[in-house]
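Trainee: This is the structure I have questions about; it appears just below.
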Amino acid sequence: MVMIFFFETHMDKSKAHKIIMGGLVGIACYVATVKFVELAAPSLGIAAARLAFVCTVVYAIVAFGEVLPAIFNNYAFMFYLVSGLAARADQPAPLLWAGLVVVGGIVVVMGILGIRLIMAKISQPQAATEGH
């Protein structure tokens with residue numbers, strides 16, 4: 001997902017940290033949802049507890065998105081949504097997901113930037129010879 005979002009930002013390296021931080025926040029919100037539902041389900045019921053926390057997370061992303069855009073952003077929302085869907089697997093592993101967002105995300109971003117740099121260097125001599 002980091003790669004998709006990085007391409008969506010037109011490979012703007014100044015936005016890479018927002019994608020990675022948003023990913024971590026989204027996954028953390030999923031973990032917090034699970035814990036909240038475990039604690040609140042006896043008094044609210046599972047569906048109401050889940051709905052209350054999801055609404056709280058969505059509200060936080062919308063309300064604080066302008067104040068803390070590196071943390072509360074569309075990427076956090078998307079990672080939250082995908083984490084909830086991925087949790088339907090037999091053994092959800094949010095810590096692994098978070099590690100992949102950080103390590104894998106940095107590797108992917110650096111790889112994309114490296115490829116772009118290599119391609120610019122390769123095409124540069126051709127552009128110089130075409131001008132003569």
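Coordinate-derived values only; no laboratory data. As the structure is a prediction and not an experimental result, all values here were calculated from the model. Note that each Cβ is placed from the backbone with ideal geometry, even for glycine, and that neighbours are counted across all protein chains shown.
Trainee: Contact list please: Cβ distance under 8 Å, first residue in the stretch 1-27 and touching a residue at least 60 places away in the same chain (Cβ under 8 Å), second residue exposed (fewer than 14 other Cβ atoms within 10 Å of the Cβ) and assigned to a helix (DSSP H, G or I), pairs at least six apart or on different chains.
Mentor: Final answer for the pair search is MET11/ARG116.
Trainee: Here is a follow-up. Which of the following residues is in contact with a Leu (Cβ under 7 Å, 6 or more places away or on another chain) and not polar (S, T, N, Q): VAL101, VAL25, VAL109?
Mentor: VAL101
Trainee: For the stretch 20-114, which fully contained helices (runs of 4 or more DSSP H) count at least 3 residues that are among the hydrophobic types (A, V, I, L, M, F, W, C) and loosely packed, with under 14 Cβ neighbours inside 10 Å?
Mentor: 46-64
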